[in-house]
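Bear in mind that the values in this text are calculations on the coordinates, not laboratory data. From a predicted model like this one, the values you see are computed outputs, not experimental measurements. Cβ: placed from backbone, ideal geometry, glycine included. Neighbour counts: every protein chain shown.
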């Protein structure tokens, strides 16, 4: 009778331990996956923003959009020297 | 976890002790018929273990078993006390039934028949409730025996018959055979030979079914004896002959001789002398062979009677003399043989006791070994569990560390990219401000000055030159502002990008100064994809621009040579001209050269210049390939 009790107790403890740790590890992994996904999404948003901004900056021409437009005759200047 | 382990240990230790106590009880009950003292010793030990563990039923069982053994030793009062104590504390009905049965047996032996009957009936009630048929039958048979002692043969027979029915239902052949014999004896004592014969025959049938030669021989003899008392000589002889056959089968020569003697005696009594002679001789032969003196004596007496019946008085007298001489002689022989027999019996018992004691010791050792094994296996199991627990904890911690590391890396990357994004945003805001406000204002100034020059028709040459100088300076400021914005908005500049910008600048300069020959040479070994930071790239470009401007403005050069080459760790940039040069010792350095030096220092580079009157000027800029920005 005794060895049976011992074996059953041993097996129950072993299986219980394995199940408990398995459950805890899975829960932890699920939480981690959620956190990682959230951070990755945030990174992706920033990367996209930087990329878009870079593409606009690269196509920008200072001379074309600023200097030429500003060089216009100012007729309101009237000097009596 | 600690609590669970404590419970396991507690369960383990209690189970151990209970198991040990049970084993001792069982061993004692196996040997108590042959070695009651050892049995008492084992039971006292079992009782002590049970009392230590305070397990009530185990205490009750040990006490009751002790009572049974004491009863067997004839200590009825003590046995009664023990069984009564067991009965008082026991919570197990089976133990109670056994205790009642033992009380019944003790009371019967003490002559307290009424109390014995009461106790037996209590035991019977429990066994009936538990449906334990074999025990029921045994108790019922015991009740029958009490009635037999009381001379109440009818009731005795009734109970024996009940026991018989139960044994029959349970198909317990040995039990049935014993009950039949008991019934037959009651009937025989009552003078009811017919019923006695029936039950002896039934017993014989069962012994035959059980194929027990000894039982068959004894039962056949009993049947033969009943026939003899009934006067049915032929039937008696048939059963006697069968008994002889059975005794032959088991090789019991004493039994064969004795039965032949019986047959001979019966035949002589019935004047069948011719037949009697052969049995007489055979009886004498086997009894002599078996050296069974009592049977030899009977055979000699049979011979004497035989010759007397045959009217041969001389021979009858001779055999009678032999019979009396033998009888006298065997008185001593009988005594001696009895002593020897007792001695043998004593030695045999002693040896048997030793064997039984050894068996008990072996059983105890076996128990100890089992106990040790269980402790070892239990410890191993526990160690395994602890190891497993450690491994699982370690694994879990490892997983957590891995997760934290990954999370940390991602958070760092997020912080970095957030900073980068914010920085870029700031840069863009600043550059937009510069571009929209300062750039526009500067262009407005240039435009205003040009308008002013155009409007001032009476201005002196000096005034116009001054206005041109301001306009040029403002244009230069715009270029610088433009470069600053360009550098600010660029994270990195490739060598290819820088080369294109320098080429563009030289082309513009070449167009503006068509009498000067420009050469721009780039070493083929330089990788076009090499990247500079925007600050380094801008400063290199500025230095080249300043050097070329200086050559154009002050040197009156006809050829300007720009070369970019590389060493192991550095880029070498050379700007030289064939102009009028200058004397380094005598010339005070202007803002241009100082600015160039300052820019070179800012990018961890160095700048050298070589010049002399009428030999041209050579400026060499050395820039590390991977310069660390100066704080």
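In terms of the ratio Rg/(2.2 N^0.38 Å) built on C-alpha atoms, what value belongs to region B:198-327? Intermediate values should be presented prior to the final figure.
Details: Rg = 15.3 Å, N = 130, 2.2 N^0.38 = 14.0 Å.
Against the empirical 2.2 N^0.38 Å value, I get 1.09 for region B:198-327.
Where Rh is the Kirkwood radius over the Cα pairs of region A:2-59, the temperature 20 °C and the viscosity 1.002 mPa s, what D in µm²/s does Stokes-Einstein return?
138 µm²/s
Take every Cα-Cα pair in the protein assembly as shown and report what % of them are more than 50 Å apart. Let's see the in-between values first.
Numbers: 148863 of 253116 pairs.
Percentage above 50 Å: 59.
If a/c stays under 1.5 just call it rounded; otherwise compare a/b with b/c (prolate if a/b is bigger, oblate if not). Do that for region B:259-327, with a ≥ b ≥ c from the square roots of the Cα gyration tensor eigenvalues.
Working: a/c = 2.22, a/b = 1.13, b/c = 1.96.
Judged from the Cα gyration tensor, region B:259-327 comes out oblate (a/c at least 1.5, b/c at or above a/b).
For region B:493-624, what's the radius of gyration and Dmax over Cα atoms, in angstrom?
14.3, 43
What angle, in degrees between 0 and 90 and rounded to the nearest 10, separates the Cα long axis of helix B:153-170 from the longest principal axis of the Cα atoms of chain B?
Computed tilt is about 40 degrees.
Working from Cα positions, state the angle (0 to 90°, nearest 10) between the long axis of helix B:2-31 and the longest principal axis of chain B.
20 degrees
At a 10 Å Cβ-Cβ cut-off, how would you order B:152, B:488, fewest neighbours first?
Working: B:152 15, B:488 18.
Listing B:152, B:488 from fewest to most nearby Cβ atoms yields B:152, B:488.
Hey, if you drop one equal point scatterer on each alpha-carbon of region B:13-131 and run the Debye formula without solvent, what base-10 log of I(q)/I(0) do you get at q = 0.15 Å⁻¹?
-0.63
According to the Cα gyration tensor, what semi-axes, each the square root of 5 times an eigenvalue, does the equivalent ellipsoid of chain B have, listed from largest to smallest in whole Å? Show your work: numbers first, answer last.
Numbers: eigenvalues 4041, 178, 96 Å².
The answer is 142, 30, 22 Å, longest axis first.
Could you order peptides A:42-53, B:551-562 by the average number of other Cβ atoms within 10 Å of their residues, highest first?
Details: A:42-53: 14.1, B:551-562: 18.2.
Result, highest mean Cβ count within 10 Å first: B:551-562, A:42-53.
Rounding to the nearest 10 and keeping the result within 0 to 90°, find how far the Cα-based axis of helix B:440-455 lies from the longest principal axis of chain B.
That helix lies at roughly 10 degrees to the long axis.
Report, as an integer, the average count of C-beta atoms from other chains found within 10 Å of each Cβ along B:402-413.
Details: counts 1, 7, 1, 0, 4, 4, 0, 1, 8, 4, 0, 6.
Mean partner shielding for this stretch: 3.
Show me the ranking of peptides B:515-524, B:285-294 by mean Cβ neighbours inside 10 Å, starting with the highest. Intermediate values should be presented prior to the final figure.
Numbers: B:515-524: 13.0, B:285-294: 17.2.
Sorting B:515-524, B:285-294 by mean packing, highest first, produces B:285-294, B:515-524.
Could you work out the helix-only [θ] at 222 nm for chain B, with each DSSP H run of four or more residues adding -39,500 (n - 2.57) and the total divided by the number of residues, to the nearest 500 deg cm²/dmol?
On the way: 21 runs with 488 residues, N = 631.
One gets -27000 deg cm²/dmol as the mean residue ellipticity at 222 nm.
Among B:344-350, B:496-502, how do they line up from the highest to the lowest mean number of other beta-carbon atoms within 10 Å? Present the calculation step by step, with values, prior to reporting the outcome.
Working: B:344-350: 10.6, B:496-502: 16.6.
Per-residue mean Cβ counts within 10 Å order the peptides as B:496-502, B:344-350.
How many Cβ atoms of partner chains, on average, are near each residue of B:452-463 if near means within 10 Å of its Cβ? Can you show the working numbers first?
On the way: counts 4, 0, 3, 5, 2, 2, 2, 2, 0, 0, 0, 1.
Average per residue, whole number: 2.
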